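Right, one structure below, let's go through it.
The values are calculated or read from the model by the stated rules, or taken from the named source; none is laboratory data. It should be emphasised that the depicted structure is a prediction, and the values quoted were computed from it without experimental measurement. Quick reminder, even Gly has a Cβ in these numbers, built from the backbone with ideal geometry, and neighbours come from all protein chains shown. Remember, those area values only see protein heavy atoms, side chains included, never the ligands or the DNA or RNA. Shrake-Rupley method; radii C 1.70, N 1.55, O 1.52, S 1.80 Å.
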Amino acid sequence: MVEGVTQLIINNVRLYQPEWPEQKKGLRAIEIEGDTITKVHDSPYIEEGDMVDGNGRVLAPSFNDSHMHLLRYGLLKKELDFTEVTSWKEMKQLVEDHYDKLQEYDWIFGKGFNDDKFTDIDHLLTAKDLSEIQVNAYIFFMHQDGHECVISEQAMELLKKEEAFEKEPEEFKEKDEHGNWTGRFKDTAVHYIKHHFFGRSVEDAKLAIESATPHLSEHGITSLHTDDINFIGSYPKLWQAYTELEQEGKLPVDVHLHHYIFNINDLHDYLERSTKRTGDGTEQVKVGAIKIFLDGTQRLFTAAMRNPYPDAPSTEGTLIYEQDQLNEMVKVASENGMQVAMHAIGDKAIEQAIEALEQQEAHTTQLRHRIIHAQTLAPDLIDRLRKVKPYIETQPSFLLEEWDKKGKWTPKELLPYCDAFQSLISEHIPVTLSSDLPIGSINPFVTMHAAVNRTDLTGKPEGGWMPQEKISLESAYQGFTLIPAELEYMEAKKGRIEAGYQADFVWLDQHPLEVESENLHQIQVLETWHRGKQVYKK
């Protein structure tokens, strides 16, 4: 034992280790020194040192969520949250209750609305509607899925002065029959507004993150990769917020912070301003990937497809960049030691991402670049992915509400290649499972349920949607543990209950292999341990 390092024995536990070909029977004892597992013994085990009796409970690796927006989730907990609102009247009342007194030229923020479900208005919200709240206020309301917003007329006046906003695709700026903006914006236009018009202080960000982390611990998440910059406006401020929480002992997770860029100039600016590259940082806070949006979302028919949308045959969606622009961004990032993470939902956007990653200068194998979502594939794309092998970050919990809508967005012949988890894994293309929090479920067992069963939580559709793409429990669990660790170059240090690995684990109320697959989502986390310390107990 190293002098000054606490030794702890966790005795009498059953291990679930997803990569074991056959799960070992019997009880084990886990020996921990500081933040590291030093030995795994047969149990009962008797030795000097602090002892915790597991009483035969199940101990398993904790979770690493490779794609979320933690600051946005924390702000939902801290600021105005519309996720449960069902009417425009209720939404206005919530604003009135939240703000003591609305003044002219104040900023009013709210997140999580879904006006598709409002029963008291017959149209989607526009800037004109927001005038009913305060005619001269700067109002910004974010849609539930994060790909759409509505802003007030006063906020639009600010936006009209932004010359750089003219470069955002016109398809992302909704217009009325006279060609005037309605106040609704989509995809990267939303990101521009968030990034350029308001930013929170470091202290505000810290409070939001603090409000979010208990929910992570409750669900066994001890590592995460997050794209937060648009909710604070500055990467240095974001870095300061997280590292200060770490120094204060208030960060019960390891984080990789992505840097979202709009263009090559943003990338050059970061590379010139900072010497930190992917993987650099403190013990708990590290630089993540350069984040690039290639297209929009299927709900808005803005995801870039190679065929027209069945429900919107006049459009194939929108590519945000020309191929040479994307190639240059990926090349420059790679040559400077930065991982790249590309949002690509439609098959045309995925094809564009693959072409950029096929460049020799991309060093895709070495840098472990990633494609986020990759929801619409095809045989030719899977074949090209097999050769270049980027990491694919999936969000299976989206299927819970989207499986019956896929036919509206995807040509019939491509439906078997939507969310093609098993096809990817069969070709040895690395796949992570993630939440896209706050859009998807924070609960990894809900996400695993969707990946393993391909049904919603009530079992619909019977037998699973496109059941050939179901994956095994082992693959699902590894998608939340070992595979994300590879993105961090930490596969020899994180994601397993083994000697030499970081002491990140959960105690579960049921053994995952002893639960019927349709009940996976019912498994509960009893305790969460991060770096050898208990951070949650039910």
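For the range 257-315, how big is the tail of P(r) above 15 Å, as a whole percent of Cα pairs? Result for the distance tail: 62 percent. The Kirkwood radius of the range 26-98, taken over pairs of alpha-carbon atoms, gives through the Stokes-Einstein law at 4 °C and 1.567 mPa s a diffusion coefficient of 75 µm² s⁻¹.
With Cα atoms as the point set, the radius of gyration and Dmax of the range 417-471 evaluate to 11.4, 31 Å. The Kirkwood hydrodynamic radius of the range 345-458, based on inverse pair distances between different Cα atoms, is 14.5 Å. With contacts taken as Cα pairs under 8 Å at a separation of at least 6 residues, the chain carries a relative contact order of 16 percent. Entry comment: accessible area of the range 9-147 is 46 Å² per residue, from protein heavy atoms only and a probe of 1.4 Å. For a 21 Å ceiling on Cα separation, which of these pairs sit above it: 39/493; 194/237; 111/460; 117/405; 77/250; 128/173? Listed pairs above 21 Å: 111/460. Loop-located trypsin sites (Lys or Arg not before Pro) across the range 140-219 with a Cβ neighbour count of 12 or fewer within 10 Å are 161, with loop assigned by DSSP. Solvent exposure of the range 208-269 amounts to 28 Å² per residue of accessible area, where only protein heavy atoms count and the probe is 1.4 Å. What the Cα convex hull of the range 400-525 gives, in volume per residue, is 127 Å³. A simple spin-label model places the labels of residue 203 and residue 55 4.4 nm from each other, with each point 7 Å out along Cα-to-Cβ.
Based on every Cα atom in the range 42-82, Rg and the maximum pairwise Cα distance Dmax equal 19.5, 54 Å. Potential lengthening of the chain between residue 97 and residue 335 amounts to 80.5 nm, from the contour at 0.36 nm per residue minus the alpha-carbon distance.
For the range 33-146, the normalised intensity computed at q = 0.20 Å⁻¹ comes to -1.14 (log10 of I(q)/I(0), Debye sum over alpha carbons, equal scatterers, no solvent). Most tightly packed first, judged by the mean number of other beta-carbon atoms within 10 Å of their residues, the peptides 342-354, 272-284 read 342-354, 272-284.
Note on the chain: percent of Cα-Cα distances in each 10 Å bin, starting at 0 and stopping at the bin with the largest distance, equals 4, 18, 28, 27, 16, 6, 1, 0. Taken over the range 319-376, the convex hull of the Cα atoms encloses 66 Å³ per residue. All Cα-Cα separations within the range 83-196 were binned at 10 Å from zero, giving a P(r) of 14, 49, 32, 5, each value a whole percent of the pairs.
Inter-label distance, residue 272 to residue 517: 5.4 nm, where each label sits 7 Å from its Cα along the C-beta direction. In this simple spin-label approximation, residue 524 and residue 413 carry label points 7 Å from Cα along the Cα→Cβ vector, and these lie 5.0 nm apart.
Packing here is the average count of other Cβ atoms within 10 Å per residue, and on that basis the peptides 112-125, 240-253, highest first, run 240-253, 112-125. FRET efficiency for the pair residue 387 and residue 315, taken as 1/(1 + (r/R0)^6) with r the Cβ-Cβ distance and R0 = 30 Å, rounds to 0.45.
Diffusion coefficient (Stokes-Einstein, Kirkwood radius over C-alpha pairs, 4 °C, 1.567 mPa s) for the range 284-384: 93 µm²/s, rounded to a whole number. Measuring nothing but how far apart in sequence close Cα pairs (under 8 Å, 6+ apart) lie, relative to its length, the range 371-426 scores a relative contact order of 55 percent. Taking the inverse of the mean reciprocal distance over all distinct Cα pairs, the Kirkwood hydrodynamic radius of the range 155-197 comes to 10.5 Å. Taking every alpha-carbon pair under 8 Å whose residues sit at least 6 apart, the range 161-217 reaches a relative contact order of 24 percent.
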